[in-house]
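I have placed the structure first, in the form of structure tokens, so that the comments after it can refer back to it.
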Amino acid sequence: MKKRIEDIKSYINEVTDLIKRYINNYDEYPRGARLLVEPVLCETVIDDPRGCRGVEQYNINKFVKIDNYGIPMPNLHAIMELAKKYYIV
């Protein structure tokens, strides 16, 4: 059980960092990019989904929220819900 909890925490941190990089470098990502997850390995990237097979696709906007000052930031609630799909706690 401890390993699974450590794994889910690690995954949440990885996806949060991925979303932060996306927010800070939005222009460097292809138009129409989506959050792509390879479900068996939980490999997660942000990229153009065309030509990708065997991955689950998510709208990136689901994982970005705007704070009270109008600044985009990772939506931790949505990221945790995503992690629960791949890690049983």
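Overview of values
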{"item": "Residue ID - least open to solvent (accessible area, probe 1.4 Å), chosen from residues in region 55-75 that are out of contact with any helix residue (DSSP H, G or I) (no Cβ under 9 Å at 6 or more places or on another chain) and part of a strand (DSSP E or B)", "result": "Q57"}
{"item": "Verdict on I46 being on the phi < 0 side of the Ramachandran plot, aliphatic (A, V, I, L, M), modelled with pLDDT under 95 and surrounded by 11 or more Cβ atoms within 10 Å (Cβ to Cβ)", "result": "no"}
{"item": "Region 53-89: number of residues that are among the hydrophobic types (A, V, I, L, M, F, W, C), closer than 16 Å to L18 by Cβ and free of Cβ contacts under 8 Å to residues at least 60 places away in the same chain", "result": "6"}
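Here is a yes/no grid of residues against (1) out of contact with any Ser or Thr (no Cβ under 8 Å at 6 or more places or on another chain); (2) outside any loop (DSSP other than H, G, I, E, B); (3) exposed (fewer than 15 other Cβ atoms within 10 Å of the Cβ):
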{"position": "E6", "(1), (2), (3)": "yes, yes, yes"}
{"position": "L18", "(1), (2), (3)": "no, yes, no"}
{"position": "R21", "(1), (2), (3)": "yes, yes, yes"}
{"position": "G32", "(1), (2), (3)": "yes, no, yes"}
{"position": "L36", "(1), (2), (3)": "no, yes, no"}
{"position": "R53", "(1), (2), (3)": "yes, no, yes"}
{"position": "H77", "(1), (2), (3)": "yes, yes, yes"}
{"position": "K85", "(1), (2), (3)": "yes, yes, yes"}
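The values are calculated or read from the model by the stated rules, or taken from the named source; none is laboratory data. Please read these numbers as outputs of a predicted model, since none were measured by experiment. Glycine also receives a Cβ, built like all others from the backbone with ideal geometry; neighbour counts cover every protein chain displayed. Each accessible area value is taken on the protein alone, full model and side chains, heavy atoms only, with ligands, DNA and RNA left out. Shrake-Rupley method; radii C 1.70, N 1.55, O 1.52, S 1.80 Å.
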